[in-house]
Structures are given as structure tokens and as C-alpha cells.
Amino acid sequence: ELGLGAKAIGFATSMFFWGYIVLQIPAGRLASVWSAKWVILGLMLFWSVVSFSTAFVHTEGELIANRFILGLFEGGVLTCTIVLIRKWFTRSERARANTMFLISIPLAGVIANPISGIVLEHFNWQTMFLVEAAPGLVWALVWIWAITERPQDAAWLDPAEKARLVAALAEEERQAPPARGHWVK
């Protein structure tokens, strides 16, 4: 419908990945010094809105800009999630937690791609982007309610387990070599 050739589609796709790269470090830093929970929430909401807005692009330029902006917001989620995992898991558990999170990335495609195919078969590409934006908006509500920044803030965590985890994380932080540089908080 937009009359795009393979070159334009390829360029728009590559702009997504350039956007993805740009915000990873700043978002991770913001999550480290402020709040991983709220940075992820903001990125998730913006990501969903930009995905939703893809249904309304009319030109090649709009699509390229849209894909770049989508990459910006999606890219920061990876580093922010790793920051959040670090706040919740001890060193011995962290690799497993990171792996479980990283496995979710290709699994998302396994789930989303067939759904996209079904939507495209029965509707159009605009509807597909509207449908794909909805889970992020719904998940944002779950995120606000279910995620806490640190174990000491989790009302649902057993008090003995909370004390053990908080103590173990504090001991690891105490034993860590001091960070140096102008980015240290």
C-alpha cells in the first residue's frame, strides 16, 4: 500500500536497529541511578504507542522515522531489565535469571509471528500493528502492580526470605571493588 520497494523496506528495518543501539546505554544508566521499574514502564508505554502509530504511516519517510523511534524505545528495555535483575538476584543466580530473560526475546517472535500472520490473513497490516501494540499497554498495568524495584520493597516476599536475600545482596555489594569514573553515582 505504501509502494515501498525492497530497498526502502530494508532501510526502514535497519533504522530500527540503529535506534535500538542508541538508547541502550543511557536507559541502562538511568535505570541504575533512578528506577529500573519506572524506566522500563516508560519505555514500554512509548514502545506500544509508537507501534500503534505505525498503522497510520503514509510515506516512506514516516515509516523510516517510526521504525527508528520504535527502536529507541525498545532498545532500552534490554539494559534496564538487566539492571532490575541485578537488584533482585545474587551473583550465583544472576546468570540463570539473565538467560531466562534473554530466552524470552526469541520466544516472543515464536508467539507474535503466527498471531501477526493470522491478523494479516483476515485484516490488513494496519490492524496488525494495532493488535501488536495492545499487549504492551495491558502489560504496563500488570507491571505497575506486580513489579517492585528491590526485594526490600516486596510486600509479597516471605520476611525470612526477604532478609536472607537483602543481606546476601548487601554483602555482595560490600565486597565489590569500588566503581571509578565520572558516571558513578
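Here is how the numbers come out for the structure above:
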{"quantity": "Filter pass, Gly109 being open to solvent by less than 40 Å² (accessible area, probe 1.4 Å), without any contact (Cβ under 8 Å) to a residue 24 or more places away in the chain, farther than 30 Å from Ala168 by Cα and not charged (D, E, K, R)", "calculated": "yes"}
{"quantity": "From the options Val49, Val33, Val57, residue that is at pLDDT below 95 and open to solvent by 40 Å² or more (accessible area, probe 1.4 Å)", "calculated": "Val33"}
{"quantity": "Selection count where residues are open to solvent by 90 Å² or more (accessible area, probe 1.4 Å) and more than 18 Å from Val39 (Cα to Cα), scope the stretch 116-151", "calculated": "4"}
{"quantity": "Exclusive hit being within 11 Å of the chain's Cα centre (by Cα), crowded, with 19+ Cβ neighbours inside 10 Å and at pLDDT below 95, set Leu43, Leu72", "calculated": "Leu72"}
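The values are calculated or read from the model by the stated rules, or taken from the named source; none is laboratory data. Nothing here was measured: the structure is a model prediction, and the numbers come from that model. Here the Cβ is made from the backbone with ideal geometry for all residues, glycine too, and neighbour counts use every protein chain on show. Keep in mind that these areas ignore ligands, DNA and RNA; they rest on the heavy atoms of the full protein, side chains included. Shrake-Rupley method; radii C 1.70, N 1.55, O 1.52, S 1.80 Å.
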